Amino acid sequence: MSNGNESCMFRDGAEFVACIFHAFEEWSGLGPLEDYLSYLEYLAWVFTPLVVVFILPFLIVILLYFSILFLHVYKHKNQLREAYSNNLWDGARKTLATLWDGHGFIWHGYEIHGMEKIPDEGAALIVYYHGAIPIDYYYFLANVIIQKGRIVHSVADHFLFKVPGFKLLLEVFSVIHGPQEECVKALKSGHLLGISPGGVREALLSDETYPLVWGKRKGFAQVAIDSKVPIIPMFTQNVREGFRSLGGLSFFRWSYEKFRMPMAPVYGGFPVKFRTYLGDPIPYDPNISAAELAEKTKQAVQALIDRHQIIPGNVLRALLERFHSRHKEK
C-alpha cells in the first residue's frame, strides 16, 4: 500500500491498521491520532464519575415513576379484567385510559373539577379551549372512561385522518372529522361529543394570553340545537404553559392559512400543573338562535379562563403550582 513517496508494507492485521491510521493522519492533517485518542480517553476518565453521579439518580427517578405508573394500572386491574371479558376494544380503551390517566397524574398532577356535570347517561356537547397540543383533552377523555364508563366521541381536524397509522386509534375512540349531520347523529344516539370551535387555528394562533380564536363559527351551536342537548363548557388551567406554538409568527400563520396544514413548530412538554374545569351546562333552548348560543358558549368558556387562568400565562409559575394548592378562582 503506498501514499505519495512512502510505501506502507504490512505482514499482519495490526500493521495494516497502523498503516490506515497513518494514511488518515496525512490526509486529514490532524497530526498523530494517538494524541487525540489519549485526550479523549482523559476526558472520559474525568467525566465518568460526574456521569455516574448525576445519571444514575435520574435513572432511579425514572424507575420510580415507572413503578408508580405500574401501580396506577394495577389499581384498576379488576376493572380492566372485566372490560376485557366483555369486549376486546373495551379492554383496550380502558387500558389506554388508565395509562393516560397515570401519565397525567405523574407529569402534570392532573385534576378535574366539575366531573359531576358530565351526565352518567344521555347526550351532551362538550366545548373546550384548544391548547397547542390538546393533551389535557386526552386526560379528560381517559377520566370519563374510568370514572363514568363512557366514551366521549370527538371531532378532529381532517389532517389527523391523513396521518399514517392513526386510523385504528381514531376508530376505537370514536373520532369523527366533523360533518354536522354526523355530530347530530352521535348526539341523538345518546353519546357525549367533544368539540373545540377554535380547532387547529386556535391551537396554532392563540398564545399565553389565552384568546379564543373562534371567528364566527356557530356550526357547533346549530348541532346542539338540532340535537336538543346541553352544552358543557370546559377549560384547562395552564394548558398553554405545557406546550406552546410558534404559529403566531407571520410565516407560520401565512402557511396555515394557505395550505391548511399545522406546520408551526410546537415546543414544551413542561410538567406544569393542569386543572380542567367544567362549567355549568347551558341547557337546550328552542327559542335561541345558533349565533346567540355560540356567543353564549363563548362567554361561558371565557368566564372559565377569566376565573381560573392568570394572564399572561407563565411557565415557571405553572411549574411552582405543582407544589402548592393556591390557584386563581376569581
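The values are calculated or read from the model by the stated rules, or taken from the named source; none is laboratory data. For clarity, every value in this text was computed on a predicted model and none was experimentally measured. Neighbour counts are summed over all protein chains in view; Cβ atoms, including those assigned to glycine, are modelled from backbone coordinates with ideal geometry. These accessible areas exclude ligands, DNA and RNA; they are computed on the full protein's heavy atoms, side chains included. Shrake-Rupley method; radii C 1.70, N 1.55, O 1.52, S 1.80 Å.
Rolling a 1.4 Å probe over the protein chains gives Phe274 an accessible area of about 0 Å².
Amide H contacts for Arg150 (H built 1.01 Å from N in the peptide plane; partners 5 or more residues away or on another chain; cut-off under 5 Å): Ile145.
When the surface is traced with a 1.4 Å probe over the full set of protein chains, Ile311 keeps roughly 80 Å² accessible.
Using only the Cα atoms of region 254-330, build the gyration tensor, take square roots of its eigenvalues as a ≥ b ≥ c, and label the shape rounded, prolate or oblate: rounded if a/c is under 1.5, else prolate if a/b is larger than b/c, else oblate. Taking the square roots of the gyration eigenvalues as a ≥ b ≥ c, region 254-330 is oblate. Solvent-accessible surface of protein heavy atoms, probed at 1.4 angstrom with all chains present, puts Arg307, Arg317 in the order Arg307, Arg317, largest first. Based on protein heavy atoms only, region 175-330 ends up with 49 Å² per residue of surface accessible to a 1.4 Å probe.
Placing a pseudo-label 7 Å from each Cα along the Cα-to-Cβ vector at Arg253 and Leu99 gives an inter-label distance of 3.9 nm.
When peptides 138-144, 88-94, 211-217 are ranked by their average number of other Cβ atoms within 10 Å per residue, the highest-first order is 138-144, 88-94, 211-217. Solvent-accessible surface (1.4 Å probe) assigned to Phe220 amounts to roughly 10 Å².
Surface composition of region 185-330: carbon plus sulfur atoms hold 57% of the accessible area, using a 1.4 angstrom probe and ignoring ligands, DNA and RNA. Bridging of Lys185 to lysines at a Cα separation below 30 Å is possible for Lys94, Lys117, Lys148, Lys162, Lys167, Lys216, Lys218, Lys228, Lys296, Lys298, once same-chain residues fewer than 8 apart are set aside. Taking label positions 7 Å along the Cα-Cβ direction at both Thr209 and Leu169, the computed distance is 3.3 nm, reported to one decimal. Taken as Cα centroids, region 195-266 and region 273-314 sit 14 Å apart, rounded to the nearest whole angstrom. Pull out a ≥ b ≥ c, the square roots of the eigenvalues of the alpha-carbon gyration tensor of region 145-260, then state rounded if a/c is under 1.5, prolate if not and a/b is larger than b/c, and oblate in the remaining case. Prolate, because a/c is 1.5 or more and a/b exceeds b/c.
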